Amino acid sequence: MSTMADSKNTAAIHRRGLMLILSSPSGAGKTTLTRDLLQDNSLDLTLSISVTTRLRRTSEVDGIHYHFKAKADFERMRAQDDLLEYAEVHGNFYGTPRSPVEAVLSQGRDMLFDIDYQGTQQVLKRAPKDVVTIFILPPSMRELRARLERRAEDAADVIAKRLENARNEITRWTMYDYVIVNEDIQTALNEVKSILIAERLKRSRSDEGIAEFVEKLLAEA
């Protein structure tokens, strides 16, 4: 059974991959955790890349930051039910395409999502058995403010708005399977990895593979 902890070593027992969703208020550490998880090659995680109708910024690369689509193409994807979740933000549409996710999961590999609680609920409704959700909390509102200020990216009024939004998002913690308080980024990262390994080992993700393995096991002389 230990071979299932690493998706690269699933030859003995095949499992279906999972969708690992991280959500948090701005400044709680979700982006850093996502980056660190993807840099750990032993985890073999694939990042879900959203599609969007907004214009590409000069610093962005199509297919890496987003898949940039015309509005008509986005509407076609939505009409064909090829989006696991979607939302409109400031007049632009964002969504998660279904087919790349299904391709990864069917290979027994896992996909990492960086989406908010609204997107999380949509994905859960469409694929509840494939989803593992983690909500990241800051250790305190004071520390959250300090982290936002240290980024030196936003004016004071924008930071105030982010903190106001954070209070609303934090109340959604009960919607998630796991909650991690990110006081220390390395500790939080280790906790996320532990959750991922445990979820990979769930019998429900490997029922068919285990049944085939047991059949061969019992057939041995």
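The values are calculated or read from the model by the stated rules, or taken from the named source; none is laboratory data. Because the structure is predicted, anything quoted here is derived from the model rather than measured. Glycine also receives a Cβ, built like all others from the backbone with ideal geometry; neighbour counts cover every protein chain displayed.
Below are the figures for this structure:
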quantity	calculated
Long-range neighbours under 6 Å by Cβ, at least six apart or interchain, first residue touching a residue at least 12 places away in the same chain (Cβ under 8 Å) within region 57-76, second of a type in the set (Lys, Arg) and surrounded by 11 or more Cβ atoms within 10 Å (Cβ to Cβ)	Phe68/Arg56
Pick from region 1-27, criterion at pLDDT 50 or above and among the aliphatic types (A, V, I, L, M), ranking: nearest to Arg162 (Cα to Cα)	Leu22
Of residues in region 172-190 being touching a residue at least 40 places away in the same chain (Cβ under 8 Å) and in a helix (DSSP H, G or I), the one surrounded by the most Cβ atoms within 10 Å (Cβ to Cβ)	Ala188
Looking only at region 202-221, and only at residues there that are surrounded by fewer than 12 Cβ atoms within 10 Å (Cβ to Cβ) and small (Gly, Ala, Ser), the one that is nearest to the chain's Cα centre (by Cα)	Ser204
Residues being more than 11 Å from the chain's Cα centre (by Cα) and basic (Lys, Arg) - total across region 24-47	1
Any pair with Cβ under 8 angstrom, 6 or more apart, that starts in region 196-210 at a residue that is in contact (Cβ under 8 Å) with a residue 40 or more places away in the chain and ends at one that is of a type in the set (Val, Ile, Thr)	Leu196/Val132; Glu199/Val132; Ser206/Ile13; Gly209/Thr10; Gly209/Ile13; Ile210/Ile13
Qualifying residue in region 191-201 (condition: over 16 Å from the mean Cα position of the chain (by Cα), surrounded by 11 or more Cβ atoms within 10 Å (Cβ to Cβ) and not hydrophobic (A, V, I, L, M, F, W, C))	no
Residue check, Asp130 touching a strand residue (DSSP E or B) at 6+ places or on another chain (Cβ under 8 Å), touching a residue at least 40 places away in the same chain (Cβ under 8 Å), under 23 Å from Ser48 (Cα atoms) and loosely packed, with under 15 Cβ neighbours inside 10 Å	no
Qualifying residue in region 163-171 (condition: modelled with pLDDT of 95 or more, among the polar types (S, T, N, Q) and not in a helix (DSSP H, G or I))	yes
Elements of type helices (runs of 4 or more DSSP H) contained in region 84-161, each with 2 or more residues being more than 23 Å from Leu37 (Cα to Cα)	117-126, 141-151
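Table: residues versus (1) crowded, with 20+ Cβ neighbours inside 10 Å; (2) touching a residue at least 24 places away in the same chain (Cβ under 8 Å); (3) outside any loop (DSSP other than H, G, I, E, B).
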| residue | (1), (2), (3) |
| --- | --- |
| His14 | no, yes, no |
| Leu22 | yes, yes, yes |
| Ala28 | yes, yes, no |
| Thr32 | no, yes, yes |
| Arg35 | no, no, yes |
| Ser42 | no, yes, yes |
| Ile49 | no, yes, no |
